[in-house]
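The values are calculated or read from the model by the stated rules, or taken from the named source; none is laboratory data. Because the structure is a prediction, the values reported are computed rather than measured. Because the Cβ atoms are built from the backbone with ideal geometry, glycine has one as well, and the counts that use them run over all protein chains shown. The area values use the complete protein model at the heavy-atom level, side chains included, leaving out ligands, DNA and RNA. Shrake-Rupley method; radii C 1.70, N 1.55, O 1.52, S 1.80 Å.
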Amino acid sequence: MRRNRTKRHIAMLLTTIIAASGLPGERPALAAENPALQTIALAGADGAKQATRPFSLLGISWADPEKPAEGTFRVRTRRMGSTRWTPWQTLEADADSGGSTDPLWVGPSDAVEARIDGGGTQPGLRLNLINPDTPTTLSRRTPGSRTEETALPTRPVPRMVTRAGWGANESIVRAAPEYTGPVQVFFVHHTATGNDYSCADSAAIVRGIQAYQVRTKGWDDIGYNFLVDKCGTIFEGRGGGVGRNVLGAHTLGFNTDASAIAVIGTYDSVGVSPAVRTAIATVAAYKLGAAGNPPNGRVVYTSGGSNLYPVGEKATLYRISGHRDAGRTDCPGDALYRQLPQIRAIAGAAPAGLRLLHVTGAIQYGPLLYTRGLIRPLWNVATPSALIARFEVWVDGRLTLAAPGTHRTAALRLSPGGHTVAVRALHLSGRTSMVTTRVVSDPNAPTFTAGPDVALRPGPLDGSVPIRLGWRASDVNGLSAVSLLRPTAVNLGITARSRNGTIRPAVPTTFTVRAADRAGNAVSASVTRTPVVLSEAVARRTGSWRTLRDPAYLGGVALGSTAGGSAATWTFTGRSAALAVGRGAFSGRVRIFVDGDDAGVVDLGSPHTVYRQAVWSRYWSGSAQHTIRVRVEGTPGRPGVILDGLVYLK
């Protein structure tokens, strides 16, 4: 915490040099030889040397805690294992916090020199040296006096190093924690301990601050609720439970219904990194949002008494404020203070960039998604996970499930029908963002309302038999594809109902058709048919017929007649039939009877002479015995007909 210094110039110089006994870098042997706190009186200006043991953090205090600092306090230290001294450094002292300077982290050291310019008259001046790595003794507090651990709140706790993690010395804690009301304001401090530290030393610095504030200032525990180092690592501060509203000792007159974080270091001229800004915003949103208070809002707070706001005076503060907003101090440093609007924006923003990347288990078809029931939405958000309280998945306006803020997917099953599925991101601040999509759940496969089946059709019979494959598939939510799988793979499309093709005679051929709906449900159906060619020789004949021989005919033989009323009859068991003929310019007409019923006249006339032609066909839905009789009509001028046999499917 950068403090205002008392700007008094008194022509007085007090110099005290305190050097370690033994050789520089001498390793202490026992804990007793390395006390956690060494206190050196600064009375007198004779420069006498006194022995010290290793230390890493120091500060100067005086007897009257109500009296502000007099003069400027400067120190320099000697690093352990070295003979060189550091440059002189100024200790910061707050105008609203008398009795001591802020602590300064100097790293492992074994000697110190202190000087006071323009002051030194305060009674009880002493130099306090802290060794945070001194092994702690067992706590003197009885088990009954320890704060009972509570279950973590449903809201996620920001990731941080716990007190056990940074090695809090519970044996020096003077009293059980006290609690206050919901957090109305969150204060940002800096520790003013300097920036010349490695983040590997952060835990030791926090231990040093705890020791200094308890042993030197006489506080019950470390004053800050949270701390964060320059790398963005958050540390639990005062004990009592991260999720509870622990009364801290951080901002004079403004500790009630408040919480605070201190950034380790000094931030007068240089600001904090984006990682630190996010860390501060995360903790602020966590504490303020728990009470439903917007982190980027303001609050009217009644002062408990500070050097800026007397007791009972109302102060209008940002929900996230700097220490200087409540007291006469430079804390948290000019540079960090200028960054508070950015921190408020991060802490108080709604989740940004929320979007659905994909819905596993669903298929996009036009503006809608279709699923068989089980879906797994995959989403993303630009806001860091640490700032997300949770994600929620809503179906038709009802909360269906919730996922932690670190998750980006969740599985759920939808009932049949159309639904509105929404993913809602909840910020620690309480603000939300939502993205929605329409999903149709269809667990049922399409159905074939007809077929597939095969029928003979007109066409050439030159080594193959012309057929027509027919089918009819439907789905309540629409088809996405219909395809032929056997005897060859073909995309049939979703609007077609038939397809022409050929198959080999006397060879069983299987056709498999697959229909898929928009949700990915599919059904397949198969049919196997064998074409059989009945020659004219097996037909029962009446009237006048003659045998025609030519390689162009099926089997090299056909029947010819010019006599009206002559007939040929075939009887077979099957489900489709076609008449095979030869055709030419002088071919006449024939009348066809199916199972005794007149099926009409077929004109065999053709401008070109063609052989092995199927000119008429008939289809039945089931296999049965049928009779086909062909009668010559005796067409005037072209009475002749050529019958080349009958083809049927079985």
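Answer with yes or no whether Arg372 is among the charged types (D, E, K, R), surrounded by fewer than 19 Cβ atoms within 10 Å (Cβ to Cβ) and farther than 17 Å from Ser429 by Cα.
Values: among the charged types (D, E, K, R): yes; surrounded by fewer than 19 Cβ atoms within 10 Å (Cβ to Cβ): no; farther than 17 Å from Ser429 by Cα: yes.
Criteria not met by Arg372.
Among the residues in segment 289-301, are any among the hydroxyl-bearing types (Ser, Thr, Tyr), open to solvent by 50 Å² or more (accessible area, probe 1.4 Å), farther than 28 Å from Asn195 by Cα and out of contact with any helix residue (DSSP H, G or I) (no Cβ under 9 Å at 6 or more places or on another chain)? First the steps, then the outcome.
Initially, segment 289-301 is screened for residues among the hydroxyl-bearing types (Ser, Thr, Tyr), giving 301.
Filter once more, keeping what is open to solvent by 50 Å² or more (accessible area, probe 1.4 Å): none.
Checking segment 289-301: not a single residue is among the hydroxyl-bearing types (Ser, Thr, Tyr), open to solvent by 50 Å² or more (accessible area, probe 1.4 Å), farther than 28 Å from Asn195 by Cα and out of contact with any helix residue (DSSP H, G or I) (no Cβ under 9 Å at 6 or more places or on another chain).
Does segment 538-569 hold any residues that are part of a loop (DSSP other than H, G, I, E, B) and more than 15 Å from Val647 (Cα to Cα), and which are they?
First, pick out the residues of segment 538-569 that are part of a loop (DSSP other than H, G, I, E, B): 539, 543-545, 550-553, 562-566.
Selection gives Gly543, Ser544, Trp545, Asp550, Pro551, Ala552, Thr562, Ala563, Gly564, Gly565, Ser566.
Select from segment 307-329 the residues that are within 28 Å of Gly243 (Cβ to Cβ) and open to solvent by less than 40 Å² (accessible area, probe 1.4 Å) and list them in ascending order. Steps first, answer last, please.
Of all residues in segment 307-329, those within 28 Å of Gly243 (Cβ to Cβ) come to 315, 317-323, 325-327.
Of everything in segment 307-329, those that are within 28 Å of Gly243 (Cβ to Cβ) and open to solvent by less than 40 Å² (accessible area, probe 1.4 Å) turn out to be Ala315, Leu317, Arg319, Ile320, Ser321, Gly322, His323, Asp325, Ala326, Gly327.
Of all residues in segment 568-590 being within 19 Å of Gly459 (Cα to Cα) and open to solvent by 40 Å² or more (accessible area, probe 1.4 Å), which is nearest to the chain's Cα centre (by Cα)?
Filtering segment 568-590 down to residues within 19 Å of Gly459 (Cα to Cα) leaves 575-585, 587-590.
Next cut, open to solvent by 40 Å² or more (accessible area, probe 1.4 Å) only: 575, 583, 585, 589.
Numbers: Arg575: 59, Arg583: 73, Ala585: 77, Arg589: 76 Å.
In this case the residue turns out to be Arg575.
What residue, of Arg298, Arg376, is without any contact (Cβ under 8 Å) to a residue 24 or more places away in the chain, in contact with a strand residue (DSSP E or B) (Cβ under 7 Å, 6 or more places away or on another chain) and farther than 30 Å from Ala69 by Cβ?
Result of the check over Arg298, Arg376: Arg298.
For the subset of segment 330-345 comprising residues that are touching an Asp or Glu at 6+ places or on another chain (Cβ under 8 Å) and among the charged types (D, E, K, R), which member is most open to solvent (accessible area, probe 1.4 Å)?
Within segment 330-345, the subset touching an Asp or Glu at 6+ places or on another chain (Cβ under 8 Å) is 330-331, 333-335.
If we keep only those that are among the charged types (D, E, K, R) as well, we get 330, 334.
Working: Asp330: 42, Asp334: 70 Å².
This residue is Asp334.
Only one of Gly451, Gly459, Gly463 is on the phi > 0 side of the Ramachandran plot, free of Cβ contacts under 8 Å to residues at least 60 places away in the same chain and over 36 Å from the mean Cα position of the chain (by Cα). Can you tell me which? Show your work before the answer.
Working: Gly451 fails: free of Cβ contacts under 8 Å to residues at least 60 places away in the same chain; Gly459 fails: free of Cβ contacts under 8 Å to residues at least 60 places away in the same chain.
One residue alone meets the criteria, Gly463.
Can you tell me which residue within segment 451-465, out of those that are modelled with pLDDT of 95 or more and more than 19 Å from Gly645 (Cβ to Cβ), is surrounded by the most Cβ atoms within 10 Å (Cβ to Cβ)? Give the derivation first.
In the first step, residues of segment 451-465 are kept if they are modelled with pLDDT of 95 or more; the result is 452-461, 464-465.
From what's left, more than 19 Å from Gly645 (Cβ to Cβ): 452-454.
Values: Pro452: 23, Asp453: 22, Val454: 25.
Filtering first and then ranking leaves Val454.
A quick yes/no check of all residues on (1) open to solvent by 40 Å² or more (accessible area, probe 1.4 Å); (2) not basic (Lys, Arg):
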{"site": "Gln213", "(1), (2)": "no, yes"}
{"site": "Lys217", "(1), (2)": "yes, no"}
{"site": "Asp221", "(1), (2)": "no, yes"}
{"site": "Asn225", "(1), (2)": "no, yes"}
{"site": "Gly232", "(1), (2)": "no, yes"}
{"site": "Val242", "(1), (2)": "no, yes"}
{"site": "Gly248", "(1), (2)": "no, yes"}
{"site": "Thr251", "(1), (2)": "no, yes"}
{"site": "Thr256", "(1), (2)": "yes, yes"}
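Whether any residue in segment 616-627 is open to solvent by less than 40 Å² (accessible area, probe 1.4 Å) and more than 30 Å from Pro452 (Cα to Cα) is what I want to check.
No, every residue in segment 616-627 fails to be open to solvent by less than 40 Å² (accessible area, probe 1.4 Å) and more than 30 Å from Pro452 (Cα to Cα).
Specify the residue that is surrounded by the most Cβ atoms within 10 Å (Cβ to Cβ); the eligible residues are those in segment 175-205 that are of a type in the set (A, V, I, L, M) and either within 34 Å of the chain's Cα centre (by Cα) or more than 26 Å from Cys231 (Cα to Cα) (or both). Spell out how you get there, then give the answer.
We begin by selecting, within segment 175-205, every residue of a type in the set (A, V, I, L, M); these are 175-176, 183, 185, 188, 192, 200, 203-205.
Now drop any that are not either within 34 Å of the chain's Cα centre (by Cα) or more than 26 Å from Cys231 (Cα to Cα) (or both), which leaves 175-176, 183, 185, 188, 200, 203.
On the way: Ala175: 10, Ala176: 14, Val183: 21, Val185: 26, Val188: 29, Ala200: 9, Ala203: 19.
Ranking the candidates gives Val188 first.
How about segment 495-537: which strands (runs of 3 or more DSSP E) wholly inside it have at least 2 residues that are open to solvent by 40 Å² or more (accessible area, probe 1.4 Å), over 30 Å from Val557 (Cβ atoms) and at pLDDT 95 or above?
498-503, 522-529
From Leu378, Leu414, which residue is within 14 Å of Val359 (Cβ to Cβ) and more than 11 Å from the chain's Cα centre (by Cα)?
Values: Leu378 fails: more than 11 Å from the chain's Cα centre (by Cα).
Within the list Leu378, Leu414, the selection yields Leu414.
Exactly one of (1) within 52 Å of the chain's Cα centre (by Cα); (2) assigned to a strand (DSSP E or B) is unmet by Val476. Its number?
Looking at each condition in turn, Val476 falls short on (2).
Please pick out the residue among Arg140, Arg155, Arg159, Arg146 that is modelled with pLDDT of 85 or more and either of a type in the set (D, E, K, R) or at positive phi (or both). Before you say what the answer is, go through the steps one by one.
Numbers: Arg140 fails: modelled with pLDDT of 85 or more; Arg155 fails: modelled with pLDDT of 85 or more; Arg146 fails: modelled with pLDDT of 85 or more.
Only one candidate passes the filter, namely Arg159.
Which one is farthest from Asp268 (Cα to Cα), of the residues in segment 156-169 that are assigned to a helix (DSSP H, G or I) and either among the basic types (Lys, Arg) or open to solvent by less than 50 Å² (accessible area, probe 1.4 Å) (or both)?
Top of the filtered list is Arg163.
Can you pull out every residue in segment 466-483 that is touching a residue at least 60 places away in the same chain (Cβ under 8 Å) and open to solvent by less than 40 Å² (accessible area, probe 1.4 Å)? Let's see the steps before the verdict.
From segment 466-483, those touching a residue at least 60 places away in the same chain (Cβ under 8 Å) are 466-467, 477-478, 480; that's our starting set.
Across segment 466-483, the qualifying residues are Pro466, Ile467, Gly478.
Mind checking which residues of segment 417-446 are surrounded by 15 or more Cβ atoms within 10 Å (Cβ to Cβ) and over 25 Å from the mean Cα position of the chain (by Cα)? Lay out the reasoning, then the answer.
Of all residues in segment 417-446, those surrounded by 15 or more Cβ atoms within 10 Å (Cβ to Cβ) come to 419, 421-431, 433, 435, 437, 439-442, 445-446.
If the condition is that a residue be surrounded by 15 or more Cβ atoms within 10 Å (Cβ to Cβ) and over 25 Å from the mean Cα position of the chain (by Cα), then Asp442, Ala445, Pro446 are the ones that fit.
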